[in-house]
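Worksheet for the structure shown next.
Read-outs throughout are calculated quantities, based only on the coordinates presented, and are distinct from any laboratory measurement. What you are looking at is a predicted structure, and each value in this text was computed from that prediction instead of being measured. Glycine gets a Cβ as well: all are built from the backbone with ideal geometry, and neighbour counts include every protein chain shown.
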Amino acid sequence: MTDLPYYWRLSAFYLCYFALLGVLVPYWGLYLREDGFSAAEIGLLMAVPQLTKIGAPNLWGWLADVTGQRLRIIRTGNLLAAVLFTGVFFADGFWSMLLVLAAFSFFWNAVLAQFEVVTLNTLGRHSDRYSQVRLWGSVGFIVAVLVLGRVLDDAPVSLVPWALLALLWAIWLCTLTLPAQQAAPPRNTGGDLLAVLRRPGVVVFFLCAFLMQLSHGPYYTFYTIYLVDLGISRTLAGQLWALGVVAEVGVFLMMHKLLARVSLVALIRVSLLLAALRWLMIGTLADSLVMLLLAQLLHAASFGSFHAAAIAWLHRTFQGGHAGQGQALYSSLGFGAGWAAGATLSGLFWDQLGGTSFLLAAAVALLAAVLAWCGLREPTRHPRDADERSATDCRGS
C-alpha cells in the first residue's frame with residue numbers, strides 16, 4: 001500500500017477527519033446537555049451540520065471546478081472552520097450556538113467532498129485502491145469513540161469541544177502536507193454539468209444515495225436508545241457500534257479486489273439489498289444478540305461497499321471539470337438531505353413506531369435496490385471527458 005502516491009499523507013487526513021466525527025456524533029449532544037440545552041434544542045443543534053451540508057458542498061464544488069484551486073479551497077475551508085469553531089467557547093445561548101455551528105459547518109463541509117477528488121486524482125491509475133486510504137477514516141472513528149469514551153468516565157464533558165478543536169487544527173495541518181501544484185485553467189462547467197446529469201442512470205444514482213441515507217435515519221438517531229430499551233447495556237451498545245465500523249474497515253481492505261472482479265452497478269445493487277436485510281434483522285430479531293452481531297457486520301455493505309462503489313462510480317462519471325460538483329452532489333443529497341430527512345422523520349414517529357421504524361427503513365432500502373436494478377447504468381467514459389482527465393485537476397490544485 002505504501003507504493004501508492006502520498007499514501008500516508010492522504011490517510012492521515014482521513015484518520016483525523018473521521019476521528020472528529022467519532023467525537024462529534026456520540027459526544028457533542030452530551031456536551032450540549034451538560035451546557036444546559038434542552039432536548040429539543042440539542043436535536044436542532046445536532047442537525048445543523050447536516051442541514052448546511054445540503055447546500056455548502058455544491059457551492060464549494062462549483063468554485064473548485066471553476067477556479068481549479070481545489071487544494072487551496074480545502075485548506076481555506078478547514079482553516080476557517082477551525083477559527084470559527086472557537087466561538088463555541090463564547091456562545092451563551094441557543095441562537096448564538098446555532099450561529100456558531102452553522103458558520104463552522106458551512107466551511108467544514110467544503111472539505112471532504114473536494115478532498116475525495118484530490119485523493120482519487122492523486123492516486124491516479126491506482127484509484128481503485130481508494131478504499132485502502134479511506135479505511136483509515138474508519139480507524140480514526142473507532143479510536144476516537146473508544147478513547148474519548150474511556151477518558152470521559154473520569155474527565156469532565158467540557159473536554160469535548162477542546163478535542164474537536166484540536167482535531168480541526170490537525171486536519172488543517174494534514175492538508176498542508178500535500179504538495180501545492182500549478183493551478184488548472186479556470187473554466188465554465190455549468191452547461192456541461194447538466195449534460196452529465198442527463199445521462200442514463202445519473203439521476204437514479206443520486207436518488208439511490210438519498211434513499212440509502214434516508215434508511216439510516218432510525219439507526220443513526222435511535223439505535224443506542226433502542227438497544228438500551230431492550231435491556232442491553234450501554235457498554236455493549238458501544239461495542240456493537242464499533243463492530244459495525246470494524247466490518248467497514250474489512251470491506252475497505254478488500255474493495256480494490258472486488259472492483260477488479262465485480263461491476264460497480266452490481267456492488268451498489270447488492271449493497272442496497274443487504275442494507276434492507278440489515279434493517280429487517282434489527283427491527284425483528286433484536287432480542288437475539290447473535291442476530292444483532294450479524295446485522296452490525298452488514299455495515300460493511302450498508303456503508304462500506306456502497307460508499308466505495310459510489311465514489312468509484314462518481315469518479316468515472318463526473319470527470320475533469322465536473323469532478324468536484326459530482327462529489328458535492330453525492331455529499332449534499334446523500335449525507336446532507338438523506339441523513340437529515342431520515343433523522344427528522346424517525347424523530348417525529350419514534351414514539352409511535354419504536355423499533356417498527358427499522359422495518360420502514362428496510363422498505364426504503366429495498367425501494368432503492370429496485371430503482372438501482374431498473375435504472376442504474378455502468379459509467380461510460382465520454383470522449384470530451386477523457387480529454388480532461390482528473391489527474392490534471394489534481395495537479396492543478
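Summarising the label geometry, the points placed 7 Å from Cα in the beta-carbon direction at residue 47 and residue 86 lie 3.1 nm from one another. Judged by the mean number of other Cβ atoms found within 10 Å, the most tightly packed of the peptides 165-176, 129-140 leads the ranking 129-140, 165-176. If the chain linking residue 257 and residue 154 were pulled fully straight, counting 0.36 nm for each residue of separation and taking away their Cα-Cα distance, it would gain 32.7 nm. Sorting 334-341, 213-220 by average packing, meaning the other beta carbons within 10 Å per residue, from highest down gives 213-220, 334-341. A compact globular protein would have a Cα radius of gyration near 2.2 N^0.38 Å; the ratio found for the stretch 1-138 is 1.16.
Selection among 333, 379, 111 by position relative to the dipole of the chain gives 379 as farthest towards the positive end (Cβ unit charges, Cα centre). Given a cut-off of under 8 Å on Cα pairs at least six residues apart, what relative contact order in percent is computed for the chain? With pairs under 8 Å counted, the relative contact order is 29 percent. Which shape class applies to the chain: rounded if a/c is under 1.5, otherwise prolate when a/b exceeds b/c and oblate if not, where a ≥ b ≥ c are the square roots of the Cα gyration tensor eigenvalues? Here the chain falls in the oblate category. The convex hull built on the alpha-carbon positions of the stretch 203-360 has an orientation-averaged projected area of 9.3 nm². Mean residue ellipticity at 222 nm, helices only, the chain: -24500 deg cm²/dmol; runs of at least 4 DSSP H residues each add -39,500 (n - 2.57), and the sum is divided by the number of residues.
Packing, taken as the mean count of other beta carbons within 10 Å per residue, orders the peptides 55-63, 345-353 from highest to lowest as 55-63, 345-353. Taking label positions 7 Å along the Cα-Cβ direction at both residue 239 and residue 125, the computed distance is 4.7 nm, reported to one decimal. Treating r as the C-beta distance of residue 33 and residue 95 and R0 as 25 Å, the FRET efficiency rounds to 0.90.
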